[in-house]
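The values are calculated or read from the model by the stated rules, or taken from the named source; none is laboratory data. In this text, all values refer to a predicted model and were calculated from it rather than measured experimentally. Don't worry about glycine lacking a Cβ; one is built from the backbone with ideal geometry, like all the others, and counts go over all protein chains shown. The accessibility values were calculated without ligands, DNA or RNA, using every heavy atom of the protein model including side chains. Shrake-Rupley method; radii C 1.70, N 1.55, O 1.52, S 1.80 Å.
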Amino acid sequence: MERWDVVVIGGGPAGATAALSALRRAPSTSVLVLDRADFPRDKVCGDGLAPEALDVLAGLGLDPAALTAGFRPVPRLRLTGPSGAGAERAMHRPAAVVPRELFDARLLDAALAAGAVFRRRAVRRVEPGADRVLVDGALSAGVVIGADGAESVVRRALGVRTNRADQLAVAIRGYAPVPRGLDGVQVVTTTAQRWPAYAWSFPLGDGRANVGYGELVSGGVTRTQLVEGLHRLLPGVAPERLRAHRLPLSSGRPRQPDGRVLLAGDAAALINPLTGEGIFYAVLSGALAGEAAAHGARAGAVHRRLLGRRLGGTLRHLTVASQLSRVPRVMDAAVRAAAADQRVFDDVVRLGLADGRLTARALAAAVRTLR
């Protein structure tokens, strides 16, 4: 029986950040990262990085420029509402678009350089105990951090239910030449057809864009309809490497249990229900999980408190905003308000990509637009 202080299950952004955070707090901590795949590996995602996600990593001692090397900043965002109303402005800070195949490997390498150990292993069983947590009957951990994605084995081991179909989205993603006139512009466009649904085009800076389309699982969408939706909202795209993935939305997030097992990222259903953004919430929750891991048997309660303090207000506002956005007219009003006022645009972007709130300014502007 191998003994480790912390075992992180999942080597993506949430897991690698958790490992790095635990080691930054206590460099002598023994940290093992397990993942079913070797790195680098492809990961289905929009590849977009909000500047706030890079801020979290910078706070752990990483250089954002090294993580995004080879890819130009993306300064502008274009939003399109269900009726076709549009808003395009410069973002308060440029975003980045880096293929997850590279970004995840760079982040995991940073965790390994800090002292973590990586092994390829598909974890089958997690058994929480009062004193230790057993992993596959072969590893013993003081704390386990579950960062193993939407189909989390760790979440199931805790007896936490999966998201309902109306709290779960599915999206398809591929790579295509950047649509004409959209190099340097992130695009998020919606449609009243099969509402709520949206498509995106995020330029990589090398002539390609990450393009995709998603909607709620409760709509009964098929792969064929996902592809049709992508072509309907982004006409003329010719994507390659099309792959689908599920997105557990934060509107169905579970309560972090007490004890020695923590959840982070997609395993904790920390996906923005408005935009499908997940990397910011993955690295932030991973950083908090790594910090909480030092508290042993109290880690679960500490992690829950840290998450509530840092993200609780945002997550409550996102739940309300996602309910309001189910009405296409409300979504159109928000886009028109953002088009008319840079401050409202910034409020909308921060809510959709990071830790924003439903500000009184944005709500008042949307109400005026509705009237």
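Numbers below:
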| read-out | value |
| --- | --- |
| Size of electric dipole in the stretch 49-164: Cβ of Lys, Arg +1 and of Asp, Glu -1, about Cα centre, debye, nearest 20 | 360 debye |
| Extent along principal axes [Cα atoms of the stretch 1-58; Å; largest to smallest] | 39, 26, 13 |
| The chain - percent of accessible surface contributed by carbon and sulfur, probe 1.4 Å | 52 percent |
| Rounded to 10°, Cα long-axis angle of helix 342-353 versus longest principal axis of the chain | 40 degrees |
| Cα gyration tensor, the stretch 227-371 - rounded (a/c under 1.5), prolate or oblate | oblate |
| Between 0 and 90°, nearest 10: helix 279-292 axis offset from the chain longest Cα axis | 30 degrees |
| Residue (of ALA366, ALA340, LEU306) at the positive-pole extreme of the stretch 298-371, dipole from beta-carbon charges | LEU306 |
| All-pairs Cα distance distribution in the stretch 1-124, expressed in whole percent, bin size 10 Å | 12, 38, 28, 14, 6, 1, 0 |
| Relative contact order %, the stretch 221-342, counting alpha carbon pairs below 8 Å whose residues are six or more apart | 22 percent |
| Sequence of ARG371, ARG155 from largest to smallest accessible area, 1.4 Å probe | ARG371, ARG155 |
| Nearest-20 debye value, the chain charge dipole, Cβ charges on Lys, Arg, Asp, Glu | 860 debye |
| Farthest toward positive dipole pole in the stretch 224-325 [+1 Lys/Arg, -1 Asp/Glu at C-beta], among ALA267, THR224, ILE279 | ALA267 |
| Residue among SER218, SER322, SER285 with the largest mean-square fluctuation in a Gaussian network model of the chain, springs linking Cα atoms under 10 Å | SER218 |
| Å² of accessible area per residue within the stretch 172-302, as computed with a 1.4 Å probe and no ligands counted | 35 Å² |
| nm² value of the averaged projected area, convex hull over the Cα atoms of the stretch 75-139 | 9.4 nm² |
| Cα-based equivalent ellipsoid of the stretch 212-280: semi-axis lengths in Å, sorted from largest, via gyration tensor | 30, 12, 10 |
| Dipole magnitude (debye, nearest 20) for the stretch 233-371, charges at Cβ of Lys, Arg, Asp, Glu | 420 debye |
| Computed lengthening from ARG121 to ALA244, 0.36 nm per intervening residue step minus Cα-Cα distance | 42.0 nm |
| When the stretch 174-264 is reduced to its Cα atoms, the Kirkwood hydrodynamic radius in Å | 14.8 Å |
| Cα gyration tensor category, rounded, prolate or oblate, for the stretch 34-77 with a/c compared to 1.5 | oblate |
| Packing-based order for 243-255, 11-23, using average beta carbon neighbours within 10 Å, highest first | 11-23, 243-255 |
| Shape metrics for the chain, restricted to C-alpha atoms - Rg then Dmax, Å | 20.0, 67 |
| Förster-model FRET efficiency, 51 Å R0, ALA364 and ALA37, C-beta, rounded to 0.05 | 0.60 |
| C-alpha long axis of helix 360-370 to longest principal axis of the chain, angle in ° | 40 degrees |
